[in-house]
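One structure below.
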Amino acid sequence: MRQPVTTIDIRRDLVGLLPRLRRFAMTLAGDAAGADELVQAGCQRAIAKSNQWQGEGRLDSWVYTLMRQQWSEDHRKRKPHAVNKTNVTDIRTATRDRAAIVDSDAIHRMIAEMPEGIASAFLLVSIEGHGYQQAGDIMGVAPTLIMSQLAQAKLHFASLADDHSHRF
């Protein structure tokens, strides 16, 4: 006997993905306001195209792809503008001053300050658990580029750790 087909409630599923969608949007937009706009646009796009989602694969991957496409379209339409970003040195100082208390906002800022593409590759592979091929599909690039970007991200964090090590 066949199992009954499970109905997909994309709106409910999107609500569960919101924290992950926002983290991904931060890697693209680089600031909270831009990330929030991108998440909203990505969710609207997913709902509008929900008839294209067949329930195969990971919903988050499909929505990440929609958000990346939205960001690319928006990015082409706008003129590049300076984003107000915190200096990495300021983050290191703030972290030292807090006596090694983990500050998730500082970590998010460090990830967002990475060069374009590198932060997204790091988030998708190291945090969200996507494979290189899947992350490449989401970002619209070859898996070898994802591997290269991930290596750059690891070198970036290693350099921050070297700069941040305490001498006793």
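Some points to look at:
- Selection from segment 137-150 of residues that are within 15 Å of residue 72 (Cα to Cα) and without any contact (Cβ under 8 Å) to a residue 60 or more places away in the chain: 141
- Boolean, residue 27 is part of a helix (DSSP H, G or I), of a type in the set (Val, Ile, Thr) and at pLDDT below 80: no
Okay, residues lined up against (1) surrounded by fewer than 16 Cβ atoms within 10 Å (Cβ to Cβ); (2) under 14 Å from the mean Cα position of the chain (by Cα); (3) modelled with pLDDT of 85 or more:
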{"residue": "2", "(1), (2), (3)": "yes, no, no"}
{"residue": "6", "(1), (2), (3)": "yes, no, no"}
{"residue": "10", "(1), (2), (3)": "no, no, no"}
{"residue": "15", "(1), (2), (3)": "yes, no, yes"}
{"residue": "63", "(1), (2), (3)": "no, yes, yes"}
{"residue": "75", "(1), (2), (3)": "yes, no, no"}
{"residue": "81", "(1), (2), (3)": "yes, no, no"}
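- Taken over segment 118-136, the criterion of being at pLDDT below 90, open to solvent by 10 Å² or more (accessible area, probe 1.4 Å) and either closer than 20 Å to residue 75 by Cβ or not in a helix (DSSP H, G or I) (or both) is satisfied by 118, 122, 128, 129.
The values are calculated or read from the model by the stated rules, or taken from the named source; none is laboratory data. Here the structure is a predicted model, which is why all the values come from computation and not from measurement. When we count neighbours, we look across all protein chains shown, and the Cβ atoms used for this are built from the backbone with ideal geometry, even at glycine. For accessibility, only protein heavy atoms count, side chains too; no ligands or nucleic acids. Shrake-Rupley method; radii C 1.70, N 1.55, O 1.52, S 1.80 Å.
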